[in-house]
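Okay, structure first, notes after.
Rule-based calculations on the coordinates, nothing more; no lab input. Predicted model only: the values in this text are computed from it and were never measured. Virtual Cβ from ideal backbone geometry, glycine too; neighbours counted across all protein chains shown.
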Amino acid sequence: MSLSELSTELDGLIIQQLPQYALHALTLTNKYYGGLAEPYLYRNIKVHDTSKYSMARLALNLVVRKELAPYIRSFELVYTRENRIRARASDIVRMVKANHLKTDIFNDRVENVRENFLTRSPEVKKIIQDLVGPQFTLKRFTGQFLGFLLTIILLLATNLEHLQLEDIDDEIPHEACWERWQGSTQRASGISYPFHKLKSLELSIGAEASIPMLPPTESLKIRGQGDNRLCWLPHKGPRTIGDMCSLELQDVQISQDDLETMISLPQMRSMKHLKMTRIGHPTLETYDYRRLSQLLSTSLPTLKTLEWIGENGVYLHGTRSPFGSFRGLMQLEELTLDYQYLKPWTAVAISLHIIHPEHIIHPEAFFPASLKVLRITNVPSHVLMSLQRESANYILGTAKYLGLSRFDLYTDLPWSSSIGIGWMEAIRKFMAELVSSLDDIGTSMRIYNHIDQDDSELLCEKGYALICSRRICM
């Protein structure tokens with residue numbers, strides 16, 4: 001290796017460690033350092049949805065210098081988590097100050113970029129039409145500038161592996177979705193086309209947003225927002241979402257029929273990870289979970305982790321069918337379930353004062369031998385405390401029969417001011433003895449207290465017990 005080659009290799013190793021702003025500064029020095037820095041500068045891109053100017057500059061750079069687009073491996077359009085109007089105003093102020101511009105001059109620059117795309121750039125039109133066909137027109141984006149910029153970027157970034165889009169209020173631009181390339185000559189000829197390397201897709205959808213036909217991907221995460229979190233999942237067509245390994249849905253409203261249709265897709269049979277958090281449908285009181293557990297066993301035979309949880313501290317009332325047996329999931333290793341999806345809310349169960357799920361009374365009938373980690377969330381504290389001996393025996397028996405390595409519980413202890421010192425001391429003693437008993441048979445246990453919807457605090461584990469927190473004092 002020559003000294004010049006060694007120098008270039010060392011420079012490259014150093015440049016890999018630099019932050020984004022330093023990489024950008026290097027591109028402004030000379031052609032040599034710019035050539036070394038640009039692959040890393042463009043590799044992982046994160047843009048705030050309020051910064052249309054940044055999106056426009058990025059899109060223009062990719063159009064003018066097409067050699068930059070293949071460097072992009074990850075693109076994230078991140079929602080600014082504050083009031084949207086205020087966020088956009090503050091974004092403009094930051095851009096104005098950074099560029100030493102007056103507000104009206106800044107707005108003129110944004111409009112100039114818009115005009116360059118919409119009316120002065122036949123090259124842009126040709127790029128899109130080469131990919132999606134002559135039926136595409138730029139006119140449809142006159143009032144959707146952000147969607148237009150996003151489409152340009154996604155069309156050109158053909159090596160994209162990870163895509164995250166937050167606060168999607170409208171459909172993801174169809175021109176950048178896989179359905180546009182189903183009959184593409186690029187695929188047949190081996191030429192790169194959008195999304196052909198996509199492995200991970202994360203979407204945060206706004207109120208009444210819709211999701212078009214999605215490209216094939218190994219991992220899909222969809223998170224809902226707003227009051228009307230309607231979600232039309234892509235379950236039409238034989239190759240809608242590709243062979244998937246991981247699926248996570250959170251705060252999404254979907255009917256049981258649509259959910260079952262999606263789970264039954266042949267592309268889902270290789271699923272390894274499934275996580276459902278607060279999903280449901282506004283016209284349904286609840287799902288038929290017993291039917292769902294049967295479908296999971298037959299449709300997802302290779303599933304290794306399953307998580308199905310609901311609102312913390314919210315319990316469903318009325319007649320419903322809890323989850324049934326998971327024994328058909330013979331490769332399942334980790335299972336996290338909300339107590340409300342195990343507890344039978346039938347008139348007979350209530351009349352007989354049945355408060356413990358059959359799953360922990362008869363674990364041999366409900367859990368596969370492969371299970372190593374079990375978590376039960378939203379366990380009412382009165383369930384644990386009203387029948388302490390029975391609770392401990394059932395939990396201990398389940399852990400011992402399955403040979404669990406971990407068994408965690410999440411409960412809902414009330415505020416310390418609402419209960420007596422004696423009751424809190426009894427809870428503390430019960431938890432410590434339960435953790436110790438499980439440790440004796442080789443199962444580690446942690447007991448948590450729900451704080452709010454997505455937060456909890458550790459109450460007890462081996463060698464530790466919470467004495468006092470912002471909510472409880474023990």
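With each pseudo-label sitting 7 Å past Cα toward Cβ, what's the A392-E67 distance in nm, one decimal?
Roughly 7.3 nm, to one decimal.
Expected output is a single nm value to one decimal: the length gained when fully extending between Y464 and R291, i.e. 0.36 nm times separation in residues minus the C-alpha distance. What is it?
58.3 nm
Under the Karplus relation 6.51 cos²θ - 1.76 cosθ + 1.60, θ = phi - 60°, what is the ordered set of whole-Hz ³J(HN,Hα) values for the stretch 322-332, x standing for Gly and Pro?
Working through the residues one at a time gives x, 4, x, 7, 10, 5, x, 8, 6, 10, 5 Hz.
What net charge is computed for the residues neighbouring E333, neighbours being all others with C-beta under 11 Å from the C-beta of E333, Lys and Arg scored +1, Asp and Glu -1?
Residues close to E333 contribute a combined charge of +3.
Pairs to check: K66/K197; K272/K462; K221/K272; K199/K272. Give those whose C-alpha atoms are more than 24 Å from each other in this structure.
K272/K462, as the Cα separations exceed 24 Å there.
For a quick check: with amide H placed at 1.01 Å from N, whose amide H comes under 5 Å from E202's, ignoring anything fewer than 5 positions away on the same chain?
For E202, the qualifying residues are L163, Q164, L165, K221.
Please give the FRET efficiency for T298 paired with D243, using the beta carbon to beta carbon distance and R0 = 22 Å, rounded to the nearest 0.05.
It comes out at approximately 0.80.
Modelled label-to-label distance, E333 and A426, 7 Å Cα→beta-carbon offset: nm?
Result for the modelled spin labels: 4.1 nm.
Along the stretch 433-440, what does the Karplus equation 6.51 cos²θ - 1.76 cosθ + 1.60 (θ = phi - 60°) give for ³J(HN,Hα), rounded to whole Hz, x for Gly and Pro?
5, 5, 4, 5, 5, 5, 5, 5
Apply the Karplus curve 6.51 cos²θ - 1.76 cosθ + 1.60, θ = phi - 60°, to the phi angles in the stretch 392-403 and return the couplings in whole Hz, x for Gly and Pro.
Going residue by residue, I get 4, 5, 5, 5, 5, x, 5, 4, 6, 5, 7, x Hz, with x marking Gly and Pro.
Highest mean first, how do 363-376, 151-164 rank when packing is the count of other Cβ atoms within 10 Å averaged over residues?
Ranked by mean Cβ neighbours within 10 Å, highest first: 151-164, 363-376.
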